[in-house]
Structures are given as C-alpha cells and as structure tokens.
C-alpha cells in the first residue's frame, strides 16, 4: 500500500480558491508511478500463477518458455529495431 506524507503535497488553488492541482516532490511521484506499475502487473501475475497451478506446477505445460528461448526472442527483436 502506498502511503504519502501530507507534507509532501502542495494543493494549488484556482482563482476562486478551489483546489485545481497538486504539486508533489519527485520521491512521491516515483512512489506513485511504482504503485501504478505494480497494480498494472498484478492481473498478469495472477493469470500466470493460475496457469501454472492448472498445469500442476509444470511451467512448460502452463505455456511458459525457458529463459534461453525468451532471451533469444528478445535479442532478435532488439536487432530488428
């Protein structure tokens, strides 16, 4: 869970004094980005763990590929760029 210290946030008011935006320090911003990235990855992780469980713990039966094959695909993909 992400906890943000109130002192790291500055509320920017509009002309009528209503909150219009916020100013945060870079550490807080990086923490927010990290939390968002993790939240984005969670469904993929859960799906992979479910597939692994359904395959009786066998990563090949679950559709995973060995690291050597993945590295080879990544190397070929990078070479095309």
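Bear in mind that the values in this text are calculations on the coordinates, not laboratory data. As the structure is a computational prediction, the values presented were derived from the model and not from experiment. All Cβ positions, even for glycine, are placed from backbone atoms using ideal geometry, and neighbour counts span all protein chains on display.
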* **Label point distance in nm, residue 20-residue 39, each placed 7 Å from Cα along Cα→Cβ** => 2.6 nm
* Neighbour-count order for 67, 29, fewest beta carbons within 10 angstrom listed first -> 67, 29
* May I have the pair-distance distribution P(r) for the chain, computed from all Cα-Cα distances with 10 Å bins from 0 and rounded to whole percent? => 14, 22, 24, 18, 15, 6, 0
* To do: Enter the angle in degrees (range 0 to 90, nearest 10) between the Cα long axis of helix 67-80 and the first principal axis of the Cα atoms of the chain, meaning the one along which they spread out most.
  => 70 degrees
* Asked: Using alpha carbons only, how many degrees (0 to 90, rounded to 10) separate the axis of helix 26-54 from the longest principal axis of the chain?
  -> 30 degrees
